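Participant: Okay, here's the structure, questions in a sec.
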Amino acid sequence: MAENFEHYISKNIKAYYRRRLFSPVIYLIILLILSIIFPLKNMTFPTTIREGQSLGKLYEQKQYFVDVTLHDLYFTGYKKDWMGFNIGYFYYTMYEDDCIIVLLKPSTSQQGAPEIKELTITGQILPNAASEDMLLENLAEDLSWTSTGIKKTISSTMLSEPDGNGVRTALLRAFLILSSLYSVLSIFIYFIYILRPDFSPAIRKLSPYGRPKKILEVAEEELLTLPQLATDDMFITEHFFIETSNYGVAIVPIQEIIWIYKYSTLHKFLWHHFSISYTLYITAGKRQYIKCPKNTKTDIDGIMDYLAEANHNILVGFSEENRKTVEEIQGDLIPLRKIWDFLSQKV
């Protein structure tokens, strides 16, 4: 018994957070693989173009998303629509000895201003598509040039601000940055909990009852030497109820428990009923709530009977009367009553 339960709670906390490490690590690995296949890194952190770099060379190097400052942009007289919505205006300008076509967002171009002296944008380098070829033909006609001549003059790549910094791209960029930061932060925090189980939320929640680390040490010692009742993942010692399941770890002093009840869940697929599982709900003082899911009726009944015997003040079973009693004990309605009294005085 001593060998099985030595530091049992801490070991389960460590195991729980080792399992939770799996998801953020796998997510970051998938993101890394996608970054190799697709230009996700470049989209998230656009390349700042240095002097002497051409759009064509950057496109060949798969640096599709860029931050660039442009000078002397002239409106071509054409705009781009998509599903009836105006998404941009076409301009042309000289950049590094190349004449390039630039598609600007309506807000950036001030709804097609004739000339823009200087502009810094985030855009995506794109090859001139069929729609841009038609634009060049129309522009050649406007300038009294030949189609072949203008295509030799204009760069084979263009710069699109809506594609490089539009709503969809901005949302995807924000999602990639925030989700990556969240994953890295989760991994860092989980490692701390693995190294220091007493820092984990399950133990820090014990702070209303005393020093969490000391309570953990006492609970570990009692579980090691004086376990009163044990199921697969729930234990009762002299002073504590302890849960160590795949869903988390919880410790609560028995004398702080106010209310216990069970809830049954029928598991079925289509018309076939597979099984019924039971969840134990525990409400403790200082607004502490514990849920122990997917247990058997026999285990939960045994736990509830033992807790009710160990603390005669515990309310057993779900009823409206018990719910209202706990509501009053916990003072759940006090904030609402204060707000109501304040509003009543104002009225």
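Participant: Excluding residues fewer than 8 places away in the same chain, name every one of the lysines whose C-alpha is closer than 23 Å to that of LYS117.
Facilitator: Cα-Cα hits under 23 Å: LYS79, LYS80, LYS105.
Participant: Leaving out same-chain residues fewer than 8 places away, which lysines sit with a Cα under 21 Å from that of LYS205?
Facilitator: LYS11, LYS14, LYS213, LYS214, LYS286, LYS291
Participant: Another question, if that's okay. Using θ = phi - 60° and the Karplus form 6.51 cos²θ - 1.76 cosθ + 1.60, what ³J(HN,Hα) does each residue of region 117-126 get, whole Hz, x for Gly and Pro?
Facilitator: So the J values, rounded to whole Hz, are 6, 8, 7, 10, 9, 9, x, 10, 7, 10.
Participant: Next question. What does the extension gain come out to for ILE187 and GLU60, with contour length at 0.36 nm per residue minus their alpha carbon separation?
Facilitator: 42.1 nm
Participant: Remind me, relative contact order of the chain in percent, using alpha carbon pairs under 8 angstrom and six or more residues apart?
Facilitator: Relative contact order for the chain comes out at 14 percent.
Participant: How far is the Cα center of region 96-117 from the Cα center of region 62-93, in Å?
Facilitator: The distance from the Cα centre of region 96-117 to that of region 62-93 comes to 5 Å.
Participant: Additional query: Between ILE177 and SER207, what is the spin-label point distance in nm, taking each point 7 Å from the Cα along the Cα→C-beta axis?
Facilitator: Computed distance between label sites ILE177 and SER207 equals 3.1 nm.
Participant: Next question. Treating only the Cα positions of the chain as identical point scatterers, give the base-10 log of I(q)/I(0) from the Debye formula at each q in 0.07, 0.09, 0.13 Å⁻¹.
Facilitator: -0.59, -0.73, -0.98
Participant: Another question about this same structure. Quickly rank 321-328, 87-94, 39-46 as a protection proxy: mean count of other C-beta atoms within 10 Å, highest first. Don't jump to the answer; show the numbers that get you there.
Facilitator: On the way: 321-328: 12.6, 87-94: 20.9, 39-46: 16.9.
Output ranking for 321-328, 87-94, 39-46: 87-94, 39-46, 321-328.
Participant: Something else now. If you average the alpha carbon positions of region 152-171 and of region 240-294, how far apart do those two centres end up, in angstrom?
Facilitator: With region 152-171 and region 240-294 each reduced to a Cα centre, they are spaced 54 Å.
Participant: Relative contact order (percent) for region 1-102, with alpha-carbon contacts under 8 angstrom and 6 or more residues of separation?
Facilitator: Worked out over region 1-102, it gives 16 percent.
Participant: Let me know the shape class of region 184-269, please: from the alpha-carbon gyration tensor, a ≥ b ≥ c as square roots of the eigenvalues, rounded when a/c is under 1.5, otherwise prolate if a/b is greater than b/c, or oblate.
Facilitator: Because a/c hits 1.5 or more and a/b fails to exceed b/c, region 184-269 counts as oblate.
Participant: For the chain, what is the mean residue ellipticity at 222 nm derived from helices alone (per DSSP H run of n ≥ 4: -39500 (n - 2.57); sum divided by total residues; nearest 500 deg cm²/dmol)? Don't skip to the end; give the middle numbers.
Facilitator: Working: 13 runs with 155 residues, N = 347.
Calculated at 222 nm, the ellipticity per residue is -14000 deg cm²/dmol.
None of the figures in this text is laboratory data; all of them are computed from the coordinates on show. Since the structure is predicted, the reported quantities are computational estimates derived from the model, not experimental observations. All Cβ positions, glycine included, derive from the backbone under ideal geometry; neighbour counts span all protein chains shown.
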